[in-house]
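A.B. asks: Sharing a structure with you now.
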């Protein structure tokens, strides 16, 4: 499966209107339920909420590119 995003892209979770704006850090290797390692499907993302940094791992098919960029903090 081809990579849909690159580091520095802004993304949101598909179908979730309250999803935070997240920045893609990198693709990571992850074992699926069958024990197979996937190198091109999972992304590590970072976002901030109330001044606290969070990170998570998401499958690229669950994310959409966020059109508006401009940083992680609201002004």
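A.B. asks: Taking the range 17-34 as the region of interest, how many residues are more than 21 Å from residue 52 (Cα to Cα) and outside any strand (DSSP E or B)?
C.D. replies: Restricting attention to the range 17-34, the residues satisfying the condition of being more than 21 Å from residue 52 (Cα to Cα) are 27-34.
Add one more test, that the residue is outside any strand (DSSP E or B), and what stays is 32-34.
Qualifying residue count for the region: 3.
A.B. asks: Check 68, 21 and return the single one that is surrounded by 10 or more Cβ atoms within 10 Å (Cβ to Cβ) and modelled with pLDDT under 95. Lay out the reasoning, then the answer.
C.D. replies: On the way: 68 fails: surrounded by 10 or more Cβ atoms within 10 Å (Cβ to Cβ).
Step by step, each of 68, 21 is checked, and only 21 is surrounded by 10 or more Cβ atoms within 10 Å (Cβ to Cβ) and modelled with pLDDT under 95.
A.B. asks: How about the range 1-16: which of its residues are surrounded by 11 or more Cβ atoms within 10 Å (Cβ to Cβ) and in a loop (DSSP other than H, G, I, E, B)? Give the derivation first.
C.D. replies: Going through the range 1-16, the residues surrounded by 11 or more Cβ atoms within 10 Å (Cβ to Cβ) turn out to be 3-5, 7, 9-14.
Result: 3, 4, 5, 7, 9, 14.
The values are calculated or read from the model by the stated rules, or taken from the named source; none is laboratory data. All figures in this text were calculated on a predicted structure; none of them were measured in a lab. Reconstructed Cβ throughout: ideal geometry from the backbone, glycine too, with neighbour counts over all protein chains shown.
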